[in-house]
Amino acid sequence: GFTGKQVAAAIDAHVRRGWHVRWALAGRSSARLSELCARLHLKPHGILEADVKDNAALRGMAERCALLLNCTGPYRFLGEPVVAAAVGASTDYVDLCGEPEFIERMALRYGDAARDAGVRVVHACAFDSVPADIGAIFTAMQFTPPSRCAHVNMYHTVKVAEGASGAYAHATTFEAAVHGFAGVGEAREQRKQLLDRMEARAPGSSKGAPPIGPRLRARPGPFFHPRLQKWAFLFPGADAAVVRATQRALAASGANAVSDAAPGDATAAPPNTASGGAAQLSPQFAAYVCVNTTSAMVVMAIFGTLFNFLARRDWGRKLLLAHPKLFSWGAFSRKGPSKQMLDGTSFCSWFEGCGYSNPEEASPTKPFDRFVTCTVSGPEPGYVATPLLFLAVAQTLLDETAPELRRAGGVFTPGGLIGSAGRDSILRFVERCCVLGVDFRVAAVADGAFPKLHAKL
């Protein structure tokens with residue numbers, strides 16, 4: 001698919017720069033893959049033929065590799081056979097899935113088997129949702145104990161170079177969103193089953209670490225953000241669901257990523273305390289997406305309302321799927337974004353963290369007294385930054401030496417896996433992202449009020 005081509009090109013380029021791995025391409029047609037390699041000048045170490053409808057071929061493919069990177073979407077329809085093959089072959093697996101329903105379904109169906117086999121299945125290793133997932137942890141880490149982060153609000157912003165035009169994304173992403181609305185009821189029941197299972201295994205683990213301070217109430221929008229000088233809407237993607245899943249995983253694992261003790265040290269501070277552990281990394285979280293102008297805000301509000309109305313009805317979904325370009329005001333198309341758009345687009349996700357210098361004094365009515373602003377920024381998010389983030393997760397699974405990561409097994413989010421191994425593993429992952437071209441920065445730290453922004457928006 002469109003994204004798979006970008007991922008293959010990124011892997012090939014990284015191997016040429018010295019990443020010592022042997023890699024292969026797999027798909028329905030070896031002839032078409034050979035044509036792709038010739039057209040893009042790719043040099044994989046092998047080409048394998050495997051169709052998602054052929055379980056034997058998938059199993060044979062999975063048995064020949066140490067790590068399987070799955071770019072086949074929509075995952076709701078095409079992802080499960082690949083997960084099953086990887087778990088059955090005891091092969092680690094990562095994907096680009098930004099579909100919460102699929103992620104939770106895989107946790108229900110394959111979580112125990114993956115845990116027993118020591119297989120790491122990691123979802124959401126793309127723009128959905130590495131910047132949000134790791135960015136929220138990174139922001140919380142800037143609150144050095146005993147201070148603690150209570151809230152993190154994230155704002156995705158995208159900048160398009162003057163003169164660039166055309167679709168922002170491929171229609172497959174639009175289709176996944178449409179089908180996601182169709183399965184809302186099923187997803188709720190599925191999540192309940194998953195949380196019940198977690199609670200039965202470890203009481204309290206389904207809720208994550210207890211929050212501090214006032215309850216964070218997400219604003220559906222649109223609203224004007226005075227510091228960013230942009231209009232913000234509640235982000236409809238997987239970010240908030242992935243961050244919540246990470247926080248539950250950290251609470252269940254007893255993560256202690258902010259203390260001075262070695263990861264997994266039995267003498268370290270227990271989780272869910274103000275001095276360290278999962279509570280330190282688990283602020284209440286909300287995700288937003290921003291537009292620059294009032295006219296863009298009005299257009300987004302109209303099309304968002306129309307999408308919401310149509311996606312909840314069978315006839316409406318058929319209409320949306322038949323005309324993605326029309327019902328997205330040209331943002332999605334079956335051809336995907338042009339090279340001009342890919343080269344001329346960049347993103348910056350802003351994280352505003354607020355909390356307390358002394359969390360023991362926190363209460364629903366006490367004002368915050370510590371504020372941190374962090375950013376995650378990089379090239380075009382969907383098809384340029386996404387392969388880089390995918391590579392960073394793949395490198396972590398292949399090269400990371402932390403014993404918690406090596407012996408882990410189960411179905412994870414990126415933050416749930418990497419965060420459970422401790423502060424050093426998180427920082428090494430952030431460094432990998434920065435080297436690849438997705439930058440994590442602390443923009444400002446202040447007491448009393450949010451500091452002024454010094455970066456150019």
Pair list, Cβ under 6 Å, 6 or more apart: region 422-441 residue in contact (Cβ under 8 Å) with a residue 12 or more places away in the chain, other residue among the small types (Gly, Ala, Ser) and surrounded by fewer than 22 Cβ atoms within 10 Å (Cβ to Cβ): SER425/ALA402; ASP439/SER377
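So which of ALA209, ALA232 ends up being part of a strand (DSSP E or B) and either without any contact (Cβ under 8 Å) to a residue 12 or more places away in the chain or buried (at least 20 other Cβ atoms within 10 Å of the Cβ) (or both)? Explain how you work it out, then say what you get.
Working: ALA209 fails: part of a strand (DSSP E or B).
That would be ALA232, the only listed residue that is part of a strand (DSSP E or B) and either without any contact (Cβ under 8 Å) to a residue 12 or more places away in the chain or buried (at least 20 other Cβ atoms within 10 Å of the Cβ) (or both).
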Matching residues, region 169-206, being among the β-branched types (Val, Ile, Thr) and surrounded by fewer than 19 Cβ atoms within 10 Å (Cβ to Cβ): THR172, VAL184
From PHE347, PHE371, PHE390, residue being modelled with pLDDT of 90 or more, surrounded by 13 or more Cβ atoms within 10 Å (Cβ to Cβ), closer than 27 Å to GLY183 by Cβ and among the aromatic types (Phe, Trp, Tyr): PHE390
Identity of the residue in region 400-429, modelled with pLDDT under 90 and in a helix (DSSP H, G or I), that ends up surrounded by the most Cβ atoms within 10 Å (Cβ to Cβ): ARG423
Count of region 62-90 residues which are at pLDDT 95 or above, of a type outside the set (Gly, Ala, Ser) and under 24 Å from PHE127 (Cα atoms): 8
Near pairs, Cβ below 8 angstrom, 6+ apart or cross-chain, from region 282-311 (more than 28 Å from ARG244 (Cα to Cα) and among the β-branched types (Val, Ile, Thr)) to any residue that is surrounded by 15 or more Cβ atoms within 10 Å (Cβ to Cβ) and at pLDDT 95 or above: THR293/TRP231; THR294/TRP231
From THR139, THR144, residue being assigned to a helix (DSSP H, G or I), among the hydroxyl-bearing types (Ser, Thr, Tyr) and under 20 Å from GLY419 (Cβ atoms): THR139
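Taking the residues in region 94-144 that are among the polar types (S, T, N, Q) and under 16 Å from the mean Cα position of the chain (by Cα) as candidates, determine which candidate is farthest from VAL376 (Cα to Cα).
From region 94-144, those among the polar types (S, T, N, Q) are 129, 139, 142, 144; that's our starting set.
Then drop every residue that is not under 16 Å from the mean Cα position of the chain (by Cα), which leaves 129, 139.
Numbers: SER129: 12, THR139: 10 Å.
The qualifying residue farthest from VAL376 (Cα to Cα) is SER129.
Looking only at region 10-60, how many residues end up being without any contact (Cβ under 8 Å) to a residue 40 or more places away in the chain, in contact with a helix residue (DSSP H, G or I) (Cβ under 7 Å, 6 or more places away or on another chain) and either within 20 Å of TYR75 (Cα to Cα) or surrounded by 14 or more Cβ atoms within 10 Å (Cβ to Cβ) (or both)? Working first, answer last.
Narrowing region 10-60 to residues without any contact (Cβ under 8 Å) to a residue 40 or more places away in the chain: 12-13, 15-18, 20, 22-23, 25-60.
Next cut, in contact with a helix residue (DSSP H, G or I) (Cβ under 7 Å, 6 or more places away or on another chain) only: 23, 25-27, 36, 40, 42-44, 47-52, 55, 58-59.
With either within 20 Å of TYR75 (Cα to Cα) or surrounded by 14 or more Cβ atoms within 10 Å (Cβ to Cβ) (or both) added as a condition, the list becomes 23, 25-27, 36, 42, 44, 47-52, 55, 58-59.
Within region 10-60, residues that are without any contact (Cβ under 8 Å) to a residue 40 or more places away in the chain, in contact with a helix residue (DSSP H, G or I) (Cβ under 7 Å, 6 or more places away or on another chain) and either within 20 Å of TYR75 (Cα to Cα) or surrounded by 14 or more Cβ atoms within 10 Å (Cβ to Cβ) (or both) number 16.
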Considering residues of region 307-343 that are of a type in the set (D, E, K, R) and touching a strand residue (DSSP E or B) at 6+ places or on another chain (Cβ under 9 Å) only, the residue farthest from PRO74 (Cα to Cα): ASP343
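Considering only residues that are polar (S, T, N, Q) and outside any loop (DSSP other than H, G, I, E, B), look in region 337-364 and name the one that is nearest to ILE212 (Cα to Cα).
First, pick out the residues of region 337-364 that are polar (S, T, N, Q): 338, 340, 345-346, 349, 357-358, 363.
Retained after the next criterion (residues that are outside any loop (DSSP other than H, G, I, E, B)): 340, 345-346, 349.
On the way: GLN340: 46, THR345: 38, SER346: 35, SER349: 24 Å.
Applying the filter and picking the extreme gives SER349.
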Every residue from region 335-359 that is hydrophobic (A, V, I, L, M, F, W, C) and within 20 Å of ALA150 (Cβ to Cβ): TRP350, PHE351, CYS354
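Filter region 62-88 for residues that are in a helix (DSSP H, G or I), among the aliphatic types (A, V, I, L, M) and closer than 25 Å to GLU175 by Cβ and give the result.
Residues of region 62-88 in a helix (DSSP H, G or I): 62-63, 75-78, 80-88.
Going one step further and asking which of them are among the aliphatic types (A, V, I, L, M), we end up with 62, 78, 82-87.
Listed by number, the residues that qualify are LEU78, VAL82, VAL83, ALA84, ALA85, ALA86.
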Failed condition for MET141, given (1) under 16 Å from THR413 (Cβ atoms); (2) modelled with pLDDT of 90 or more; (3) of a type in the set (A, V, I, L, M): (1)
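The values are calculated or read from the model by the stated rules, or taken from the named source; none is laboratory data. All values derive from a computational prediction rather than experimental measurement. Every residue, glycine among them, receives a Cβ derived from its backbone with ideal geometry; neighbour counts consider all protein chains shown.
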